[in-house]
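Q: Okay, handing you the structure first.
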Amino acid sequence: MKSIVDKLIVKYKSKPAHNDSDISDSDLLTLIKAARLAPSADNSQIWRFLIVRDRERIEDVLKIIGHNERNYGAMIISLAAPFFIRHARREQPFYAIDVPISITHICLQAIELNIDVDIHFVFENEELKDRLNIPAEFKSVAVLGLNKYAD
């Protein structure tokens, strides 16, 4: 008997997604809620998410990350906030693990919502941060391109 996770993994990418399909506000909120439940080092929850729905901004991001041929109905830009471990007295690179774990939660929830997620890792892409006016202290981690699956 297959587990729920097995079924989700098999379902993932098993059918084509519509390019440039609308993603509802409700779906986006559900995806972010799923990410919020991810575990993190020292319960830091350092992930932050920027939702991009504007067509021109999506095209700008795609040019920056070198995927001009793609179209998405929405994007989620995953970021890491600064996090300092008090007892170590310095920032730890947990974001390279914690933020991708939260992205996994988004991907699993997206399958249930019939949404395809393309992940483009953009660790510390300064051009992306500048274009989207992301504060300097945040680290960029990944761009998630979202489209609804074809029925």
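Q: List pairs: first in the range 79-96 and closer than 12 Å to V141 by Cβ, second exposed (fewer than 13 other Cβ atoms within 10 Å of the Cβ) and at pLDDT 60 or above, Cβ under 8 Å, 6+ apart or cross-chain?
A: Sorted first by the residue in the range 79-96, then by its partner, the pairs are A81/E137; A96/F123.
Q: Here's another thing I want to ask about it. Somewhere in the range 49-60, is a residue of a type outside the set (D, E), more than 13 Å from the chain's Cα centre (by Cα), buried (at least 17 other Cβ atoms within 10 Å of the Cβ) and not in a loop (DSSP other than H, G, I, E, B)? Before the answer, list the steps.
A: So in the range 49-60, the residues of a type outside the set (D, E) come out as 49-53, 55, 57-58.
Those left that are additionally more than 13 Å from the chain's Cα centre (by Cα): 53, 55, 57-58.
Among the residues that remain, those that are also buried (at least 17 other Cβ atoms within 10 Å of the Cβ) are: 58.
So of that shortlist, the ones also not in a loop (DSSP other than H, G, I, E, B) come out as 58.
Among the residues of the range 49-60, at least one is of a type outside the set (D, E), more than 13 Å from the chain's Cα centre (by Cα), buried (at least 17 other Cβ atoms within 10 Å of the Cβ) and not in a loop (DSSP other than H, G, I, E, B), which makes the answer yes.
Q: Would you pick out the residues in the range 27-47 that are within 13 Å of I106 (Cβ to Cβ) and either buried (at least 16 other Cβ atoms within 10 Å of the Cβ) or acidic (D, E) (or both)?
A: Within the range 27-47, the subset within 13 Å of I106 (Cβ to Cβ) is 27-38, 47.
Those that are within 13 Å of I106 (Cβ to Cβ) and either buried (at least 16 other Cβ atoms within 10 Å of the Cβ) or acidic (D, E) (or both): D27, L28, T30, L31, I32, A34, A35, A38, W47.
Q: Taking the range 108-121, which residues are in contact (Cβ under 8 Å) with a residue 24 or more places away in the chain and either surrounded by 22 or more Cβ atoms within 10 Å (Cβ to Cβ) or in a strand (DSSP E or B) (or both)? So that I can check it myself, show each step before the final result.
A: Quick first cut of the range 108-121, residues in contact (Cβ under 8 Å) with a residue 24 or more places away in the chain only: 108-120.
Scanning the range 108-121 gives A110, I115, D116, V117, D118, I119, H120.
Q: Looking at the range 115-151 only, could you name the residues that are small (G, A, S) and farther than 13 Å from S78 by Cα? Write out each step before concluding.
A: Our first condition is that a residue be small (G, A, S); within the range 115-151, this holds for 136, 140, 142, 145, 150.
Within the range 115-151, A136, A150 meet the criteria.
Q: Among all residue pairs at least 6 apart or on different chains, which show Cβ distances below 7 Å where the first residue, located in the range 27-46, is closer than 14 Å to P100 by Cβ and the second is of a type in the set (S, T, Y) and surrounded by 17 or more Cβ atoms within 10 Å (Cβ to Cβ)?
A: Filtered contacts from the range 27-46: A35/S102; A38/S102; I46/S40; I46/Y95.
Q: Hey, any hits in the range 124-140 for a residue that's of a type in the set (G, A, S), in contact (Cβ under 8 Å) with a residue 40 or more places away in the chain, closer than 26 Å to I4 by Cβ and surrounded by 16 or more Cβ atoms within 10 Å (Cβ to Cβ)?
A: For the range 124-140, residues of a type in the set (G, A, S), in contact (Cβ under 8 Å) with a residue 40 or more places away in the chain, closer than 26 Å to I4 by Cβ and surrounded by 16 or more Cβ atoms within 10 Å (Cβ to Cβ): absent.
Q: Something else about it: Do any residues in the range 50-64 that are within 15 Å of L146 (Cα to Cα) have Cβ atoms under 7 Å from those of residues that are of a type in the set (D, E, K, R), where the two are at least six apart or on different chains, and which pairs are they?
A: L62/R70
The values are calculated or read from the model by the stated rules, or taken from the named source; none is laboratory data. Every value quoted in this text rests on a predicted model; they were computed, and no experiment measured them. Don't worry about glycine lacking a Cβ; one is built from the backbone with ideal geometry, like all the others, and counts go over all protein chains shown.
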